[in-house]
Amino acid sequence: FLHSVKGVLRGLHYQEEPMAQAKLVTVLRGVIYDVVVDVRPGSPTRGRWLSQTLTAEPRKMMWIPEGFAHGFCVVSETADVLYKVSNYYSPEHERRIRWNDRSLAITWALDGAPLLSEQDADAPDFAAVARAGTGA
């Protein structure tokens, strides 16, 4: 469960094998713009993204399979986001990709600069993650 305020952007995050995670994401309160990116090696859609606006009413959910990075930004004043995951959190298997990587060209639903964690602000770009051989 995550509570965030307008303008917060979290992501892009995923876990590599053997601790890869699938996620089911829903919003309990507020509105988020949810983004997933295919990071699977050899996938014909590798590096492509899709998005969905998730709201508390009607309560839609987004399924994020293993091998996809995930991020979201809060577009309402506040938002409460709930995740169900298929595997335990493993810090040594967690990977991040820069939210504004030019090669991904994600169109975020933001008014101005996002509020980022230090880790997300310092995340490597997609090409660097792929070169490092970390599952992307």
- Item | J(HN,Hα) series, the range 61-68, from Karplus relation 6.51 cos²θ - 1.76 cosθ + 1.60, nearest Hz, glycine and proline x | 10, 10, 8, 10, x, 4, x, 10
- Message: Counting each pair of different Cα atoms once, what's the Kirkwood radius of the chain in Å, rounded to one decimal?
- Response: 14.9 Å
- Message: Suppose each label sits 7 Å from its Cα in the direction of the beta carbon; what would the Ser103-Leu24 distance come out to in nanometres?
- Response: 3.4 nm
- Query: Per residue of the chain, what 222 nm ellipticity follows from adding -39500 (n - 2.57) for every DSSP H run with n ≥ 4, rounded to the nearest 500?
  - Reply: -1500 deg cm²/dmol
- For Glu66, residues with placed amide H under 5 Å, excluding near neighbours: Ala22
- Item | Cβ-placed point charges (K, R +1; D, E -1), dipole of the chain about Cα centre in debye, nearest 20 | 320 debye
- Query: With every protein chain present, what is the per residue accessible area of the chain (1.4 Å probe, Å²)?
  - Reply: 53 Å²
- Task: Return the FRET efficiency for the residue pair Ala113, Ser90: r is the Cβ-Cβ distance, R0 is 22 Å, and the value is rounded to the nearest 0.05.
- Result: 0.10
- Whose amide H sits under 5 Å from the amide H of Arg98, counting only residues 5 or more places off or on another chain, with H placed in the peptide plane? Asp125, Phe126
- Item | GluC sites (Glu not before Pro) restricted to the range 1-93 and DSSP loop, no more than 11 other C-beta within 10 Å | Glu77
- Task: List the longest stretch of the chain that has no exposed loop site; here a site is one of the trypsin sites (Lys or Arg not before Pro) assigned by DSSP to anything other than H, G, I, E or B, with at most 15 other Cβ within 10 Å.
- Result: 1-45
- Note, ³J(HN,Hα) from phi for the range 45-58, Karplus 6.51, -1.76, 1.60, rounded to Hz, x at Gly and Pro: 10, 4, x, 8, 10, 9, 9, 8, 7, 10, 10, 5, 9, x
- Message: Could you tell me the calculated FRET efficiency between Lys6 and Leu50, based on Cβ-Cβ distance and R0 = 22 angstrom, to the nearest 0.05?
- Response: 0.45
- Of all accessible heavy-atom area on the range 1-123, the percent that carbon and sulfur account for (1.4 Å): 54 percent
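The values are calculated or read from the model by the stated rules, or taken from the named source; none is laboratory data. Model, not experiment: these values are computed from the prediction. Quick reminder, even Gly has a Cβ in these numbers, built from the backbone with ideal geometry, and neighbours come from all protein chains shown. To get the accessible areas, we keep the full protein, side chains included, count just its heavy atoms, and leave off ligands, DNA and RNA. Shrake-Rupley method; radii C 1.70, N 1.55, O 1.52, S 1.80 Å.
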